[in-house]
Amino acid sequence: MDTNLAVRARGVSRFFGDVVALDAVDLDLAQGQIHGLVGPNGAGKTTLLGLLLGLATPDEGTLEILGTPAGRALTAPDGVAGFVDGPGLYPSLTARQNLAALAALRGGTRTAPIDDVLHEVGLTDVADDRVRGFSLGMRQRLGLAAALLTRPRLLVLDEPSNGLDPAGKRHVHGVLTRLAADGAAVVLSSHRMDDLEALCSEVTILATGRVVFSGPLAKLSAENRELDYRLRTSDPAAARKLAEETPGIRPVEDSGARRDSEVLVFRALVPALDELVTRLVRAGVAVRELAPVVSPLEAAFLALTEQEVPAP
Ligand SMILES: Nc1ncnc2c1ncn2[C@@H]1O[C@H](COP(=O)(O)OP(=O)(O)OP(=O)(O)O)[C@@H](O)[C@H]1O
Ligand SMILES: [Mg+2]
């Protein structure tokens, strides 16, 4: 057994009647890393995270969590914390009382000080307000505080950025980064790649229950793939003509940009793009803007999950 692995899943499947929610999933989560789980709606993210939290057990395959095989018992394995489908909180209690209740359930031992975790997630000012009046983002942060209270070695969060404002997002990012730096494994889901870019070193992409990519982000973006680019120049007509003459440049007609518009949208690999820019400059056409329509990572994600690239 690899002791650096917080989670080792092999061939894990989970069925709901005829629906294959997870289809022979392999997953390795290393200690000290933040791992992103990404996929379209219904891909199986919540189902997989639920297995890690002990909310259900795999129908097929083997799952080891923190070195222990996941048994048939439906309990959160020791050292694992987090939530799916929003944190379970008592609305009539304050933030502090919620955490105190949780600490009491745990016998008050081995839990972190309540004031510390409230401070960590930025809820000190509302610590004595009832949760009933909390916004979605505040509930998410309190859910994270509740998870931190147990000093987890594996933290599992389902779409934690839901409802977070930019400041909240920064707070949560800081907390997760510190936790991973202290050696815990963190796994979080999102249906947006750009959400995970700033935070995760590794991602697993799920599509209809299957793993279509798992590995470092760098490997995903470096994959040699055609992208759609937007090009704005000082002479759109000349640019269009040069683009049509350059091998490997394919105009994207249904791009939403009008044919006579200033912006030209085309699909190309990087070498063809280099050639076009060289030809433009040689012809005295100034390049004012040249950028991928969606980020390379988002494009890789969309291609792997076979989703339509939105028109620019
Ligand atoms: N309790 C359940 N009963 C029946 N089907 C379920 C149940 N939970 C999940 N499913 C099905 O399993 C599949 C995966 O669902 P899951 O909730 O894991 O996807 P997800 O990736 O979390 O999606 P989303 O981005 O919408 O949250 C879907 O087809 C869903 O309809
Ligand atoms: Mg989900």
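Listed by first and then second residue, the pairs linking a residue in segment 82-94 that is β-branched (Val, Ile, Thr) to a residue that is surrounded by 15 or more Cβ atoms within 10 Å (Cβ to Cβ) and assigned to a loop (DSSP other than H, G, I, E, B), with Cβ atoms under 9 Å apart and 6 or more places separating them unless they lie on different chains, are Val84/Leu53; Val84/Leu55; Val84/Asp158; Val84/Glu159; Thr94/Ala127.
Just one of (1) touching a helix residue (DSSP H, G or I) at 6+ places or on another chain (Cβ under 7 Å); (2) not assigned by TED's automatic domain parsing to the domain that holds Ala81; (3) not β-branched (Val, Ile, Thr) trips up Asn162, so point out which. If we test Asn162 against (1) touching a helix residue (DSSP H, G or I) at 6+ places or on another chain (Cβ under 7 Å); (2) not assigned by TED's automatic domain parsing to the domain that holds Ala81; (3) not β-branched (Val, Ile, Thr), just (2) comes out false.
If you go through segment 267-282 one residue at a time, do you hit one that is open to solvent by 50 Å² or more (accessible area, probe 1.4 Å) and either at pLDDT below 85 or in contact with a Phe, Trp or Tyr (Cβ under 9 Å, 6 or more places away or on another chain) (or both)? Yes; the residues of segment 267-282 include at least one that is open to solvent by 50 Å² or more (accessible area, probe 1.4 Å) and either at pLDDT below 85 or in contact with a Phe, Trp or Tyr (Cβ under 9 Å, 6 or more places away or on another chain) (or both).
Residue-level analysis places Gly44 outside the set of residues that are in contact (Cβ under 8 Å) with a residue 60 or more places away in the chain and more than 16 Å from ligand 2 (Cβ to nearest atom). Within segment 183-215, the only residue that satisfies the criterion of being without any contact (Cβ under 8 Å) to a residue 40 or more places away in the chain and open to solvent by 50 Å² or more (accessible area, probe 1.4 Å) is Ala198.
When the criteria are applied in full, Ala100 fails the requirement of being among the aliphatic types (A, V, I, L, M), farther than 25 Å from Leu206 by Cα and open to solvent by 50 Å² or more (accessible area, probe 1.4 Å). Of all the listed residues (Leu49, Leu55), the sole one being over 19 Å from Arg10 (Cβ atoms) and within 16 Å of ligand 2 (Cβ to nearest atom) is Leu55. Against the numbered list (1) surrounded by 14 or more Cβ atoms within 10 Å (Cβ to Cβ); (2) at pLDDT 90 or above, Gly133 comes up short only at (1). Residue pairs whose Cβ atoms lie under 9 Å apart, sitting 6 or more positions apart in sequence or on different chains, and linking a residue in segment 262-284 that is touching a residue at least 40 places away in the same chain (Cβ under 8 Å) to a partner that is assigned to a helix (DSSP H, G or I) and among the polar types (S, T, N, Q), are Val263/Ser255; Val265/Ser255. Restricting segment 186-233 to residues that are in contact with a Leu (Cβ under 6 Å, 6 or more places away or on another chain) and part of a loop (DSSP other than H, G, I, E, B) leaves a set whose member that is nearest to Leu297 (Cα to Cα) is Glu226.
Among the residues making up segment 234-257, those that are part of a helix (DSSP H, G or I) and at pLDDT 90 or above are Pro236, Ala237, Ala238, Ala239, Arg240, Lys241, Leu242, Ala243, Glu244, Glu245. Name the single residue, out of those in segment 155-182 being away from ligand 2 (no atom under 16 Å from the Cβ) and assigned to a loop (DSSP other than H, G, I, E, B), that is most open to solvent (accessible area, probe 1.4 Å). By that ranking, first place goes to Asp182. Would you check which residues across segment 283-303 are open to solvent by 50 Å² or more (accessible area, probe 1.4 Å) and at pLDDT below 85 and list them? Result: Pro296, Ala303.
The values are calculated or read from the model by the stated rules, or taken from the named source; none is laboratory data. Since this is a predicted model, take the numbers as computed values, not measurements. Heads up, the Cβs are rebuilt from the backbone with ideal geometry, glycines too, and the neighbour counts pull from every protein chain shown. Just so you know, the surface numbers come from the protein's heavy atoms only, side chains and all, with ligands and any DNA or RNA stripped out. Shrake-Rupley method; radii C 1.70, N 1.55, O 1.52, S 1.80 Å.
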